[in-house]
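Take a look at the structure below.
The values are calculated or read from the model by the stated rules, or taken from the named source; none is laboratory data. Worth saying up front: this structure is predicted, and the values here are computed from it rather than measured. Counting neighbours? That spans all protein chains shown, and the Cβs are built from the backbone with ideal geometry, glycine included. SASA here: full protein model, heavy atoms, side chains in, ligands and nucleic acids out. Shrake-Rupley method; radii C 1.70, N 1.55, O 1.52, S 1.80 Å.
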Amino acid sequence: MTHIINGRKLAVKIRMQVKKRISSLAHIPGLAVLLVGDDPASHTYVRLKEKACKEAGIFFEKHLYPSNVKEENILSDIATLNERTDIHGILVQLPLPHQNTDRMIAAIDPQKDVDGFHPENIRRLDTDKPGIISPVALGIMKLITSTEKSFQGCSAVIIASPLFAHPIEVLLREYGIVSTIVSAQDPLLKEKTKTADILIVAVGKPNLITRDYIKSGAVVIDVGTTRVDNHIVGDVDRTSVESIAGWLTPVPGGVGPMTVALLLVSILKAYQLQK
Ligand code: GUN
């Protein structure tokens, strides 16, 4: 039997704690989200972030751009947001349709980089003074540790871009878990994923992972969010892996709500860094 990990339930607890802490602050923390293009999954995600911010008492501002917007326009808005004292967090929703992701992220003040993707925050991950840590990575770690499984001698495979994979790799290492980062195009993908005690998939390819990719009893974390026929689907074919995987995060209701909850924690941290 596969245990389904309930991300919504874990997220509610975190959101309540954040709300309580925010109610005791001297000022209202603020988040600005930059959203480029019309990817339906990205729009859904940003709506959920907006709702969570408002519920927690965080000021929320959305900047919308057409998919062909010039990078300079976004950079100019980021520069303004970096200077604003009412905005403590800046987030560029990914993926960007055409623009250079690294260039956009590098323009954000590292203290306002609530996604933890700025090179300065990535560099500090490997030091004993971490800055802002990726909410996706923190959320994934909470989902994994909620299984209360012993991770001694465990290995992980992460199928994701380096931007998403590296923070997860660093956090797993703190638990003694060695990770291999694999590309979805790797011709030996199946052979590699089959050895993983923990498999984390963030590709955006519905049903990429079926039962023959999975080690029996593995913890499977599905980060995929693709909108198909008006609903969000993950990268893992749930029906196929059920009974092989030991644990599985559902889509929706797994990584998504945890990322949103940990984003609120990250905004709180950014606010405190800027005080
Ligand atoms: N797209 C999918 N996940 C994320 C995330 O955690 N942050 C941002 N900015 N974009 C995303």
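Each peptide among 258-265, 170-177, 104-111 gets the average number of other Cβ atoms lying within 10 Å of its residues, and from highest to lowest they stand as 258-265, 104-111, 170-177. Normalised by 2.2 N^0.38 Å, where N is the number of residues, the alpha-carbon radius of gyration of the range 190-241 equals 1.10. Peptides 149-160, 120-131, ordered by how many other C-beta atoms sit within 10 Å of their residues on average, highest first, read 149-160, 120-131. Rounded to 0.05, the FRET efficiency of the residue 64 and residue 274 pair, given R0 = 25 Å and the Cβ-Cβ distance, is 0.50.
A simple spin-label model places pseudo-atoms 7 Å from Cα toward Cβ; at residue 186 and residue 4 they are separated by 2.9 nm. Build a GNM of the chain with springs between Cα atoms under 10 Å apart, and of 133, 168, 22 the one that fluctuates most is 22. Principal-axis analysis of the Cα atoms of the chain puts helix 7-23 at an angle of about 20° to the longest axis. Taking label points 7 Å from Cα along the Cα-to-Cβ direction, residue 145 and residue 23 give a separation of 2.6 nm. Relative contact order of the range 123-275: 23 percent, from C-alpha pairs under 8 Å at least 6 residues apart in sequence.
For residue 190, the aspartates and glutamates whose Cα comes closer than 15 Å to its Cα, not counting residues fewer than 8 places off in the same chain, are 212, 235, 237. Seen from residue 162, the other residues with C-beta closer than 15 Å to its C-beta sum to a net charge of -4, counting Lys and Arg as +1 and Asp and Glu as -1.
Based on Cβ point charges of +1 for Lys and Arg and -1 for Asp and Glu, what charge dipole magnitude is obtained for the chain about its Cα centre, in debye rounded to the nearest 20?
Working: 32 positive and 29 negative charges, 191 e Å.
Computed charge dipole of the chain: roughly 920 debye.
State the Cα centre-to-centre distance between the range 191-215 and the range 232-275 in whole Å. Using only Cα atoms, the two centres lie 17 Å from each other. At the residue level, residue 231 shows approximately 110 square angstrom of accessible surface with a 1.4 angstrom probe and all protein chains present. Taking the square roots of 5 times each eigenvalue of the Cα gyration tensor of the chain, largest first, gives ellipsoid semi-axes of 30, 20, 18 Å.
Legend: distances between Cα atoms for 62/149; 49/142; 51/275; 54/205; pairs beyond 29 Å are 62/149; 54/205. Multiplying the residue separation of residue 174 and residue 106 by 0.36 nm and subtracting their alpha-carbon distance yields 21.8 nm.
Only helices enter this figure: runs of n ≥ 4 DSSP H residues, each worth -39500 (n - 2.57), summed and divided by the residues of the chain, yield -12500 deg cm²/dmol at 222 nm to the nearest 500.
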